[in-house]
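Below is one structure, written out as structure tokens; comments come after it.
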Amino acid sequence: MATTKLVLSFISSSGDSQSFSYNYAKDEPVDADVKALMEGMITNGDIFENPPAALKSAKVVVTNESAIDLS
């Protein structure tokens, strides 16, 4: 079974790198949708203790799990 996670990376208002991870993402999200989400997070940054200030990167991480026969 595969699980998919969306990882969004920003530069914070203090200049540090920060990332947010979201489980159960689409395997192949639309680039424009991801960029719009990230820009919205910057626009509404006052909800964060350390608000994101600039886009850095975004990626989809897919993890596969396989059972191992131990008999």
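Here are a few things to note about the model shown:
- Summed over segment 1-30, residues that are within 30 Å of S66 (Cβ to Cβ) and either in contact with a Cys (Cβ under 7 Å, 6 or more places away or on another chain) or open to solvent by 60 Å² or more (accessible area, probe 1.4 Å) (or both) total 12.
- Any pair with Cβ under 7 angstrom, 6 or more apart, that starts in segment 44-71 at a residue that is more than 26 Å from A32 (Cα to Cα) and ends at one that is part of a loop (DSSP other than H, G, I, E, B) and open to solvent by 60 Å² or more (accessible area, probe 1.4 Å): E65/M1
- Segment 15-71 - residue that is touching a strand residue (DSSP E or B) at 6+ places or on another chain (Cβ under 9 Å) and β-branched (V, I, T) and, of those, nearest to M1 (Cα to Cα): T63
- Residue in segment 45-68 that is surrounded by the fewest Cβ atoms within 10 Å (Cβ to Cβ), counting only those that are more than 21 Å from Y24 (Cβ to Cβ) and at pLDDT 95 or above: A54
The values are calculated or read from the model by the stated rules, or taken from the named source; none is laboratory data. Only a predicted model underlies this, so the values are computations on that prediction, with no experimental measurement involved. Don't worry about glycine lacking a Cβ; one is built from the backbone with ideal geometry, like all the others, and counts go over all protein chains shown. Protein only, heavy atoms only, side chains kept; ligands, DNA and RNA dropped before computing areas. Shrake-Rupley method; radii C 1.70, N 1.55, O 1.52, S 1.80 Å.
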